[in-house]
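The values are calculated or read from the model by the stated rules, or taken from the named source; none is laboratory data. Note that this is a predicted model, so its numbers are computed, not measured. Cβ atoms come from the backbone with ideal geometry, glycine included; neighbour counts cover every protein chain shown. Only protein heavy atoms, including side chains, enter the accessible area calculation; ligands, DNA and RNA are left aside. Shrake-Rupley method; radii C 1.70, N 1.55, O 1.52, S 1.80 Å.
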Amino acid sequence: MAPPQAGQDPPPAADSDTEPPVMVSSSSHTSRLKYVSLGVLVLQTTSLVLTMRYSRTLKEDGPRYLASSAVVSAEVLKIITCTFLVLMENNYNMRAMNQLLKEEIVNKPVETLKLAVPAGIYTLQNNLLYVALSNLDAATYQVTYQLKILTTALFSVSMLGKRLGLYQWLSLLLLMAGVTLVQWPSDSGGDAEEKALSAGSQFVGLMAVLMACVSSGFAGVYFEKILKETKQSVWVRNIQLGLFSFVLGFIGMMVYDGQSVRQSGMFQGYSTVTCIVVALQAVGGLVVAVVIKYADNILKGFATSLSIILSTLISYFLLKDFSPTGLFFLGALLVIAATFLYGYERKPASSSSGIKV
C-alpha cells in the first residue's frame, strides 16, 4: 500500500528576509533535492508497475504468489521502515520512541481509529492494482491510473472546499478524453475466441483501475484532511495506517485465500521478483511523502509523464505484451498534457494559504 500523495500542496517557501547567505545555500540545496526527488519518483513508479506486471505474468512451475499475501507483507515492511524513521527522529533513543508511540497511538484511540477508514480503502486499492496489472499491460495501466487526478480533485472540492481554476477543469476534461482514447477497442488480429478472452480480461483490468482511482482519491483526501487537523509526524501516521492495513489485509487474505494459505503457506510462489515488488510497494508511499516535501506539482507532473513513456517503451520492447496504436499515443499525449496543465495553476502565486487552490 501505499500513503496518499495526491491533493497535498508543497510547503510554503521560507521568509526571504531572514539570513540571505543561508537562504542562497539552502535554495541551491533544495533545487538539487527537487531533481533528485524527480529521478527517484520516476524510478520507483516505473519499476513498481513493470515488476508487478512481470511478476503476475511470469510463467513458473509452482503456484503463483498470492496478491493478498504480498499486500500484507508490504504493510509489515512499511511498519518496520517507519518505526526505524521514528527512531531516527528521536536520536535512536528507544525509550523516547516508545513513549511517543504510546502517546500518539495508545493514548489517543479516537485519533487512531480515524485512520481505520483510509487504511481499509488503501488495502482494497493495493489488491485492486494486482488485479489490474494481471489483466492490463503496464503502459495502458499507467495512463488509465492517472484518472486518480480526477477523483482526487473532485473529492478535494467536496471534502476540503478547494477551488479549481479554469486550467484545472480543462485539464480534467483532457484527462478523461485521453483515457477514453487509450481504452478505445482496436481491431487486432486473432480468432474470435482469443478476442473475446482479451476483451474480457481488459474489462476486468479496467474496472479494477477505475475502482482503485476512486479509492485512491477518497483515501488520499481523507488522509490529507487528518494531517491538516493534527500536528503529528508523517511516519507515526504511516505506522498507524500500516497497523490497520495489516490487520484488515490479513483478514482479507484469510477470507479469500485462506485455503491456499493453509495448504501451501502464506509465502507460496515467492521469488526474488516477488520480494522486489513487495519492497517497492512498501517504500513507494514513503518515497512520495519525501518527494512532496521538495518537488512542486510541475515536477511531479513531469515525473508522471516520464514514467508513462518509460513504461510504454519497456512494455513494448522488453515485456512484449503491448502493441501501441495511434489512438493510444494520442490518448497518452492528452493525459501527459492534462497532468502538466493541472499542476500549472496549482502552483501558489502568492503567500496565501496552501489549503485553498
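Take 137-149, 81-93 and order them by the average number of nearby Cβ atoms within 10 Å per residue, most first; the result is 137-149, 81-93. For the range 202-278, the fraction of alpha-carbon pairs lying more than 15 Å apart is 75 percent, rounded to a whole number. Could you work out the local net charge near ILE239, counting Lys and Arg as +1, Asp and Glu as -1, over the other residues with Cβ closer than 11 Å to its Cβ? With Lys, Arg at +1 and Asp, Glu at -1, the net is 0. Computed over protein heavy atoms with a 1.4 Å probe, the accessible surface of the range 52-149 works out to 44 Å² per residue. For the peptides 305-318, 53-66, 111-124, residues were scored by their other Cβ atoms within 10 Å and the scores averaged per peptide; the highest-first order is 111-124, 305-318, 53-66.
How would the range 51-154 be classified by its alpha-carbon gyration tensor: rounded, prolate or oblate, with rounded meaning a/c under 1.5 and the a/b versus b/c comparison settling the rest? Taking the square roots of the gyration eigenvalues as a ≥ b ≥ c, the range 51-154 is prolate. Fraction of C-alpha pairs exceeding 29 angstrom in the range 74-231: 38 percent, rounded to a whole number. Out of the total accessible area of the range 229-280 (probe 1.4 Å, heavy atoms of protein only), what percent is carbon and sulfur? Within the range 229-280, the accessible surface is 65 percent carbon and sulfur.
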